[in-house]
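For reference, the structure discussed in these notes is given below.
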Amino acid sequence: MGRGLILGIESSCDETAAAVVERGARMVSSVVASQIATHARYGGVVPELASREHLRAIVPVVRAALAEAQISLSDLDAIGVTSGPGLAGALLVGITYAKALAYASGLPLIAVNHLEGHIHAVLLEERQALGVSSAEDEELNGGDEAALALVVSGGHTHLYLARQTAGIWRYSLVGRTVDDAAGEAYDKVAKLLGLGYPGGPWIDALARFGNPKTVPFAFSQVKTKTHLEGRAPRTKAASTAPIGKLDPRFLFSFSGIKTAVLRYVELHGLRAEAEARYLRLYGEGRAANPPLTKEDALGLCPQGTLDLIASFQHAVVGDLMKKTFRAAEALGTGRILVTGGVAANKELRERFAAEAGRRGMRMAYPTLKLSTDNAAMIAAAAWPRFVAGEFATEGLSADPSLALR
Ligand code: KG4
Ligand code: ZN
C-alpha cells in the first residue's frame, strides 16, 4: 500500500465532485462543480439536465482534484464512488467513469452509500483534528462510542445509530421522514415565496431578520398508518428505508408544514408579492444571492414575510431537535452527529449545540463546505472498506434507493 490515498467521486444529485483523502483522515484536495445555476430557474433539480451536466464536468473535476492534490492516478490506492441513493442517470455518470478509471489503472473500486458519506464528513473532520496516525490509534482503541446521526438534506431526514466494530462502520435506522425531507420543505417553501434555489440558504439568511414567534406552526405526533407499515412511503427519499417497525416517536413529517405555509400565503394574499420577487430575482436570466443585511432583506421581503420565514425555520429546527434528542436519550447515546445540506443552517447549528451542551452530550457537524454534497466524504467513507477489502465487483451499478446498513 502507498500513502493510503483514495480518490472519491460523487454525482448523485446536482454536484459533480471529486476529492483525494489520505487514510480517511486528511483531506488532500476537494473539488465541487455545482449545477445550481442550471437548475435554479426551474426551482428544483431537473434529472435530465443533471446527467448532462455531470457528463460535462466529470473529467475536468477529477483532473482538478488530482492536480490540486499534486498526484497522478498511479499514486492512488483506490477509487471510491457513490453508488446510491440518488438520481439514476446522475449516479451512472460517476459510476461509469470510476469504473473506467479503475479498469485502466488497475486500482480497486469501492462503492459508497451517499448517506454513509454524509456521516463520514463529520468523522473525517474529527480524525483530521486528531492527525492521521493518531486517528487510527484512536479507532483501534475503540475510542468511538455509538453515535446517533441525523442525516438531513434535500433527499433525506433519517436518524441512524452508527457503530464501529473492528474498524467497520455499521448503521441501523432509528427514524426517518414519512414524507418530505426537511431540505425539500425548505426548497418548496422558498419556491412558494419566490426565493432562489436551493431554498435553504435563502431561508437561513432571511430568517435572521424575522420574529420566529409570529406564526405558531405546530408538528403533531406522526401516526404510522397501517398502509405505511413495513413499507416505504411514496416520496423521493422513500424506498431507501422502509418505516417498518420504527418507533413512531422518531418519525418526521414535513409535508404538513409546507401545506401550512401555503395556506398562510394564500390567506394573507402573499402570492402576488412572491411572484414579483421571483421576477426581480430571476427575470431576464438574472442570478441572485441571499441578502446579508437587514436592509437588503427588507428590500426583498416585507417584515411580515420575514416573520413567516423565521417562524417556519424555528418550527422545523425545533422538530428536528425534539426527535433527535429524544432518540439519543432513548438509545442511551451521548454522541450526536448532524450532517447533510440542512446541517449548514445557522439556527440549527446553534440550537443543537446549545441543547447538547445543556445535556452534557457530544455534538458535531461538518464545516459548511462538507455539509452539502462533496466527494471528500465519499473518499473518507471508502477508507474503512478499503482496509477491510470490501471492493465493488464489475457488475456495480447505480442503486437509486440504496439502503444504509
Ligand atoms: O446534502 P445536500 O447538498 O444534497 C442532498 O443530498 O440532498 O443537501 C441539499 C439540501 C437542499 O434542500 C438545500 O436547500 C439544503 O440542503 N440546504 C440548507 C442550507 N444549505 C443547504 N437548508 C437550510 N439551511 C441552509 N443553510
Ligand atoms: Zn447529500
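The values are calculated or read from the model by the stated rules, or taken from the named source; none is laboratory data. This is a predicted model, so every value here is computed, not measured. With ideal geometry, Cβ positions are generated from the backbone for all residues, glycine too; neighbour counts draw on all protein chains shown.
Structure summary
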read-out: Output for region 346-390, where each listed residue is within 16 Å of ligand 1 (Cβ to nearest atom), within 19 Å of Ala25 (Cβ to Cβ), in a loop (DSSP other than H, G, I, E, B) and not aliphatic (A, V, I, L, M); value: Tyr365, Pro366, Thr367, Asn374
read-out: Filtered residues of region 191-215 (kept if in a helix (DSSP H, G or I) and aliphatic (A, V, I, L, M)); value: Leu192, Ile203, Ala205, Leu206, Ala207
read-out: Pair list, Cβ < 6 Å and 6+ apart or interchain, from region 200-224 residues that are touching a residue at least 40 places away in the same chain (Cβ under 8 Å) to residues that are of a type in the set (D, E, K, R); value: Asp204/Lys346; Phe209/Lys294; Gly210/Asp307; Asn211/Asp307; Thr214/Asp307; Phe219/Asp319
read-out: Residue in region 29-51 that is surrounded by 19 or more Cβ atoms within 10 Å (Cβ to Cβ) and in a helix (DSSP H, G or I) present; value: yes
read-out: Number of the exception - Ala166 against (1) assigned by TED's automatic domain parsing to the domain that holds Gly44; (2) without any contact (Cβ under 8 Å) to a residue 40 or more places away in the chain; value: (1)
read-out: Subset of region 188-212 [at pLDDT 95 or above, within 16 Å of ligand 2 (Cβ to nearest atom) and of a type outside the set (Gly, Ala, Ser)]; value: Pro201
read-out: From the options Ile71, Ile79, Ile58, Ile9, residue that is assigned to a loop (DSSP other than H, G, I, E, B) and under 25 Å from Tyr103 (Cβ atoms); value: Ile71
read-out: Condition broken by Tyr103, with the remaining ones in (1) touching a Leu at 6+ places or on another chain (Cβ under 9 Å); (2) within 16 Å of ligand 1 (Cβ to nearest atom); (3) not aliphatic (A, V, I, L, M) satisfied; value: (2)
read-out: Residue check, Ser11 polar (S, T, N, Q) and either in contact with a strand residue (DSSP E or B) (Cβ under 6 Å, 6 or more places away or on another chain) or free of Cβ contacts under 8 Å to residues at least 60 places away in the same chain (or both); value: no
read-out: Sole residue being under 18 Å from the mean Cα position of the chain (by Cα), closer than 25 Å to Ala327 by Cβ and more than 16 Å from ligand 1 (Cβ to nearest atom), chosen from Leu150, Leu161, Leu124; value: Leu161
read-out: So Ala356, is it assigned by TED's automatic domain parsing to the domain that holds Ile110 and away from ligand 2 (no atom under 14 Å from the Cβ); value: no
read-out: Region 1-60 - residue that is charged (D, E, K, R) and over 14 Å from Ala376 (Cα atoms) and, of those, farthest from ligand 1 (Cβ to nearest atom); value: Arg3
read-out: Subset tally (residues that are among the small types (Gly, Ala, Ser), at pLDDT 95 or above and either within 16 Å of ligand 2 (Cβ to nearest atom) or assigned to a loop (DSSP other than H, G, I, E, B) (or both)) for region 163-187; value: 4
read-out: Filter pass, Val174 being surrounded by 17 or more Cβ atoms within 10 Å (Cβ to Cβ), touching a residue at least 60 places away in the same chain (Cβ under 8 Å) and not assigned by TED's automatic domain parsing to the domain that holds Arg249; value: yes
read-out: Check on Leu150, within 14 Å of ligand 2 (Cβ to nearest atom), in a strand (DSSP E or B), at pLDDT 95 or above and not assigned by TED's automatic domain parsing to the domain that holds Trp202; value: yes
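Conditions tested, residue by residue: (1) within 26 Å of Val178 (Cβ to Cβ); (2) surrounded by fewer than 18 Cβ atoms within 10 Å (Cβ to Cβ); (3) at pLDDT below 95.
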{"position": "Leu251", "(1), (2), (3)": "yes, no, no"}
{"position": "Ile257", "(1), (2), (3)": "yes, no, no"}
{"position": "Arg263", "(1), (2), (3)": "yes, yes, no"}
{"position": "Arg280", "(1), (2), (3)": "no, yes, yes"}
{"position": "Arg286", "(1), (2), (3)": "no, yes, yes"}
{"position": "Leu292", "(1), (2), (3)": "no, yes, yes"}
{"position": "Pro302", "(1), (2), (3)": "no, yes, no"}
{"position": "Leu308", "(1), (2), (3)": "yes, no, no"}
